[in-house]
Amino acid sequence: PGSKFQLRGKASRGKDSSGSRISTMFPFHSMLVGGLNGVPMCTQRNTTHSVDFGRARVLVRSTRLHAGLRRQPQHASKSRSSRGRAQRTRTQSTRVQSTMALEGLMGQGLVGALVVDFGIQFVGWGLAAALQTEKFYDLFGSLTFITLALGTLINSGDYAARQVGLTAMVVAWALRLGTYLVIRITRDGADKRFDEAKKSPGLFLVYWALQGVWVFTTVLPLLLVNCRSGSHASLMWTDAIGLGIWLTGFIIESAADYQKFVFRSDPANKGRFIQSGIWKHSRHPNYFGEILVWWGVYVTSLGSLTSYQPAVAVLSPLFVMLLLLKVSGVPLLEKSADEKWGEELEYQAYKANSRELLPLPKICQD
């Protein structure tokens, strides 16, 4: 106390009040940190330290600043903590509101797709009921797939690689299957499934409504991706696996439909069952291919789905499996085949040596 140091020249050199040089800044710095008489100088009141050069001045002021922060009352710290919590709350609220907004937009997109879906079915039903024909049924089903796929992609305004790829997968499948079914109904002239329904507009409407449910549920993974707002994740390993599954199913289904179409186009095969080509090992390889197609679409869509969306999208392949394996596909055809050829030894041998679904050789006999 009472000492006054005047540093001159470099910050590391100085003189005391008598003109004697002091060696370095180190003793001065030690005194600032260690204090005088065991008390840190930066906490002593009414102590004067005149320092002319920047480095020493910054040191003293910095020390006092930190000391002052340590002496701040507790309510100031609590105030800062309260402000921090409020800021975090506002941030979380903003995120929640943004998420709800995005989900709202997605919901609007799905509702719009549903309206378009059933609108197309209603128009098709009106035309088919007026003419009492089933020839428009598969045509309008395929057109609905294509309309929803392209419509949601264009409406999104975002042409990310996964969106475009998924849309192309669905459109390619619908174009191929639709073309095949339209050619088949044109060749055959009628579909016995609708013999009674097409004569009753009310019952016929139920068939068309069920097709609307089938289309919407089946294409759900693509709708969730195309109706999603915001950026999409880059392509990843799930896209490669999904595309591989889809391509395998697409090839199997296409080959099975083509082989059966050629077989039935031969008058010599009228009233007979096919047991050549891919049908040699499977009685329903086309259904196996279709199931793979929609599992491939689902796996590919996972890269853009978040939160609960994968659990919703998986309804698509599960619904296709349920429909084909338990409801209108395999059970009806197996029953029909048993009624036609069940007494024939050739059919019995074919059924014993083939699988119901998987197109692979049957090693073990039942």
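Taken together, the values in this text are just the output of simple stated rules run on the coordinates, not laboratory data. Quantities reported herein were computed from a predicted structural model and do not represent experimental measurements. Backbone-built Cβ (ideal geometry, glycine too); neighbour counts: all protein chains shown.
Between V111 and H232, with labels modelled 7 Å along Cα→Cβ, what's the label distance in nm to one decimal, could you check?
Each label point is offset 7 Å from its Cα along the Cβ direction, giving 2.5 nm.
Sorted from largest down, what three extents in whole angstroms do the Cα atoms of region 250-361 have along their principal axes?
If we take the Cα atoms of region 250-361, the spans are 54, 24, 24 Å.
In sequence order, what are the phi-derived ³J(HN,Hα) couplings for region 294-303 according to the Karplus relation 6.51 cos²θ - 1.76 cosθ + 1.60 with θ = phi - 60°, rounded to whole Hz, with x for glycine and proline?
7, 5, x, 4, 4, 4, 5, 6, 4, x
How big is region 132-190 in terms of Cα radius of gyration and Dmax, in angstroms?
13.9, 43
Show the residues, 5+ positions off or on another chain, whose built amide H is closer than 5 Å to the amide H of S282.
R355
Apply the Karplus curve 6.51 cos²θ - 1.76 cosθ + 1.60, θ = phi - 60°, to the phi angles in region 172-178 and return the couplings in whole Hz, x for Gly and Pro.
My calculation for region 172-178 gives 4, 5, 5, 5, 5, 5, x Hz in order.
Just in region 199-274: which trypsin sites (Lys or Arg not before Pro) are loop by DSSP and have at most 16 other Cβ atoms within 10 Å? Spell out each step's value before the answer.
Working: sites: K199, R228, K260, R264, K270, R272; in loops: R228, K270, R272.
For trypsin sites (Lys or Arg not before Pro) across region 199-274 that sit outside H, G, I, E and B with at most 16 neighbouring Cβ atoms in 10 Å, the list reads K270, R272.
Kindly give the semi-axes, whole Å and largest first, of the ellipsoid equivalent to region 177-299, taking each as the square root of 5 times a Cα gyration tensor eigenvalue. List each step's numbers first, then the result.
On the way: eigenvalues 203, 113, 20 Å².
Values for region 177-299, descending: 32, 24, 10 Å.
Subtract the Cα-Cα distance of S200 and A311 from 0.36 nm times their separation in residues, and report this length gain in nm to one decimal.
Working: separation 111, 0.36 × 111 = 39.96 nm, distance 3.80 nm.
Difference between extended and current length: 36.2 nm.
With 27 Å as the limit, write out which pairs from K135/K340; K135/K362; K199/K280; K199/K351; K135/K270; K199/K260 have Cα-Cα distances beyond it, or answer none.
Working: K135/K340 25 Å; K135/K362 37 Å; K199/K280 38 Å; K199/K351 36 Å; K135/K270 22 Å; K199/K260 29 Å.
Result: K135/K362; K199/K280; K199/K351; K199/K260 exceed 27 Å.
If you plug each phi of region 213-228 into the Karplus form 6.51 cos²θ - 1.76 cosθ + 1.60 with θ = phi - 60°, what whole-Hz ³J(HN,Hα) values come out, in order, with x for Gly and Pro?
Per residue, the Karplus-derived 3J(HN,Hα) values read 5, 4, 4, 5, 5, 5, 8, 4, x, 5, 4, 5, 6, 6, 8, 6 Hz.
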